[in-house]
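Visitor: I'd like to ask some things about the structure below.
Read the figures in this text as sums done on the coordinates, not as results from a lab. Computed from a prediction, not measured in an experiment: that's the story for all the values here. Please note: Cβ atoms are built from the backbone with ideal geometry, for glycine as well, and neighbour counts cover all protein chains shown.
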Amino acid sequence: MNENLEKDCCKDCCNDEIKDLSDQELDNKENNNENLNDNGETVEDKDNIIVEEDISSLKQELQKTQEERDQYLSMAQRLQAEFDNFRKRNRAAVSQAYEESALETVEKFLPVLDNLERALESSKDNESAQVQAICKGVEMVVKQFTDILAKMGIEEIDALGQPFDPMYHDAVMQVEAENEEQKNTVVEVLLKGYKTENKVIRYSMVKVAN
């Protein structure tokens with residue numbers, strides 16, 4: 001009798017365990033069904049898809065932003081380069097205008113230098129002490145004048161005895177050459193010419209042998 005009782009107890013325990021397992025499986029199945037959407041996807045899968053779509057969209061926006069940034073940067077660099085070129089051109093134009101203005105001013109003073117030198121030339125044979133004293137003063141002024149020209153990069157054009165060069169000489173008179181070597185040579189300077197390294201301020205007025 002005791003044996004039958006024990007068997008019945010074991011049977012009841014087994015049935016209870018089987019029932020508990022069945023109930024748990026049913027609950028799990030119901031929970032899984034609750035997490036499924038109309039397409040058979042779980043809520044977790046759907047959330048993952050949404051997150052991936054958001055990440056993809058953010059990547060596209062980031063790429064677009066980076067491309068726009070590169071375009072603006074390139075535009076800014078071009079504008080900077082154009083401004084630098086403009087500033088250089090403007091500086092060069094101002095410098096050139098200043099130089100041309102200075103040379104024009106010098107050209108207006110050259111007749112004064114011419115007259116001072118003519119005065120010295122006409123007085124060189126005068127032995128009067130008073131005249132010689134004046135000549136020394138004039139010589140000092142002429143030297144000061146030519147020193148200033150030299151500091152400005154202005155020099156006298158070498159003409160006397162040189163082959164005639166239309167780039168620097170203006171032939172206002174012609175004479176017959178005394179020999180073959182003298183042909184096309186400057187035999188007299190009627191008015192001195194001056195130049196800078198790149199520009200003639202005034203052409204030398206010369207007499208040329210032909």
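Visitor: At q = 0.22 Å⁻¹, what is the log10 ratio I(q)/I(0) for the stretch 156-210, with the Debye formula run over Cα points and no solvent?
Guide: -0.70
Visitor: By count of other Cβ within 10 Å, fewest leading, how are 194, 168, 98 ordered?
Guide: Listing 194, 168, 98 from fewest to most nearby Cβ atoms yields 98, 168, 194.
Visitor: While we're looking at this one, here's another question. Taking a 25 Å limit on the Cα-Cα distance, which of the listed pairs 88/108; 151/192; 108/151 fall beyond it?
Guide: 88/108
Visitor: Given R₀ = 22 Å, FRET efficiency for residue 140-residue 108 by Cβ-Cβ distance, to 0.05? Could the numbers behind the result be given before it?
Guide: Values: r = 22 Å, r/R0 = 1.00.
For R0 = 22 Å, the calculated efficiency reads 0.50.
Visitor: Where nothing but the Cβ of Lys and Arg (+1) and of Asp and Glu (-1) is charged, how large is the charge dipole of the stretch 156-210 around its Cα centre, in debye to the nearest 20?
Guide: 320 debye
Visitor: Further question on the same structure: Using a Förster radius of 25 Å, what is the FRET efficiency between residue 182 and residue 118 based on their Cβ-Cβ separation? Nearest 0.05, please.
Guide: 0.40
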